[in-house]
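Throughout, read-outs are computed from the coordinates displayed, never taken from laboratory work. Quick caveat, the model's predicted, so the values are computed rather than measured. Note that we place each Cβ from the backbone using ideal geometry, even for glycine, and neighbour counts take in every protein chain shown.
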Amino acid sequence: MTPGRHQVETHASRAYHHLRQKLISGEFKPGTRLLYGPIGKEIGVSATPVREAAGQLATEGMVELVPQIGAVVRSINEPEVQELYEVRNLIESFASARASERSTSEDIQLIAKEYNTMRELVERQKQTNSPEESQEIAYQFNQADHNFHLRIVEATGNHTLVRTSTQSNILTRVFGIWMHRQGADVMENTCNEHEKIFTAIQNGNAEAAHEAASNHILKGLQLSLQSFREA
């Protein structure tokens with residue numbers, strides 16, 4: 001075994017998950033250059049594993065590698081956004097219906113945990129007067145929002161569905177979150193829509209779960225398209 005190889009791989013994995021979480025939460029807007037050195041310092045690694053992580057993210061469609069510049073968060077056009085949301089609508093509506101039929105008590109608890117976290121963050125957002133704290137709350141909310149959807153898909157017990165759903169979900173977040181102002185009102189509306197999905201799953205109502213999830217995803221699509229047209 002090459003000395004230090006395992007450590008390099010571990011650092012690359014840490015860098016990958018660190019970058020991925022920042023992309024999901026909306027901390028990096030499309031067009032942002034990823035600076036390997038400073039990002040590495042955030043988690044105590046060198047630039048090399050961050051560069052490796054950026055390469056992996058490029059293969060997943062989140063960033064692009066530009067000669068003489070490095071990794072840049074990818075930008076997409078309106079038709080691509082529409083395609084991603086259409087895929088999410090198909091997958092996550094189906095997943096919500098399946099989750100209502102297959103979820104265990106543990107699954108319900110995991111979904112509820114993310115939902116409750118989002119509600120708590122809404123209340124914090126209403127009370128803060130600090131722009132910095134407000135932005136941090138929005139980042140945390142976006143992460144919990146992502147986890148809420150992920151827990152629902154996981155509750156289907158279909159591992160292939162989880163892998164397929166994860167990619168489209170993440171890409172809409174990377175390219176869509178930056179468009180929407182995450183004020184308390186927007187966050188609360190999201191929670192209200194999530195409550196309908198969660199309640200239907202908890203009650204075992206597949207039809208209601210499918211409809212609530214579809215309405216939620218399609219509303220996200222309309223907000224994204226509206227932001228594109230107003231830009």
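Here the peptides 129-139, 209-219 are ranked by packing, the mean other Cβ count within 10 Å, and the order with the highest first is 209-219, 129-139.
Pairwise over distinct Cα atoms, reciprocal of the mean inverse distance: report the Kirkwood radius of the stretch 117-231 in Å, one decimal place. Write out the running numbers ahead of the final one.
Details: mean 1/r = 0.0663 Å⁻¹.
Hydrodynamic radius (Kirkwood, Cα only) of the stretch 117-231 equals 15.1 Å.
Add +1 for every Lys or Arg and -1 for every Asp or Glu among the other residues with Cβ under 12 Å from the Cβ of Ala212, and state the total.
Numbers: positive: Lys196, Lys219; negative: Glu92, Glu193, Glu195, Glu207, Glu211.
Here the charged neighbours net out to -3.
Gaussian network model of the chain, Cα springs within a sub-10 Å range: biggest mean-square fluctuation belongs to which of Thr190, Thr156, Thr128? Maximum among the listed residues: Thr128. What the phi angles of the stretch 20-36 give under the Karplus curve with 6.51, -1.76 and 1.60, with θ = phi - 60°, is a coupling list of 4, 5, 5, 5, 5, 6, x, 6, 10, 7, x, x, 6, 7, 8, 8, 4 Hz, glycine and proline written as x. Highest GNM mean-square fluctuation among Asn203, Asn89, Asn116, for the chain modelled with Cα contacts below 10 Å: Asn203. Which angle between 0 and 90 degrees, to the nearest 10, do you get for helix 47-59 versus the longest principal axis of the chain when only C-alpha atoms count? Result, in degrees: 50. Near the amide H of Val63, within less than 5 Å, lie the amide hydrogens of Ala58, Arg74, all on another chain or at least 5 residues away, with H placed in the peptide plane. Given their separation in residues at 0.36 nm each and the Cα-Cα distance between them, Lys196 and Leu225 gain 8.1 nm when the chain is fully extended.
Placing pseudo-labels 7 Å out from each Cα toward the beta carbon at Arg163 and Thr59 gives an inter-label distance of 1.3 nm. For the chain, the longest principal axis of the C-alpha atoms and the axis of helix 78-102 are separated by about 60°. Any chance you could tell me what percent of the C-alpha pair distances in the chain go past 25 Å? I get 45 percent for the Cα pairs in the chain exceeding 25 Å.
For Ala71, the amide hydrogen comes within under 5 Å of the amide hydrogens of Leu34, Val66, counting only partners 5 or more places away or on other chains and with H modelled in the peptide plane.
Return the inverse of the average 1/r over all pairs of distinct C-alpha atoms in the stretch 132-176, which is the Kirkwood hydrodynamic radius, in Å to one decimal.
Values: mean 1/r = 0.0879 Å⁻¹.
Kirkwood hydrodynamic radius for the stretch 132-176: 11.4 Å.
Relative to the longest principal axis of the Cα atoms of the chain, helix 159-176 runs at roughly 70 degrees.
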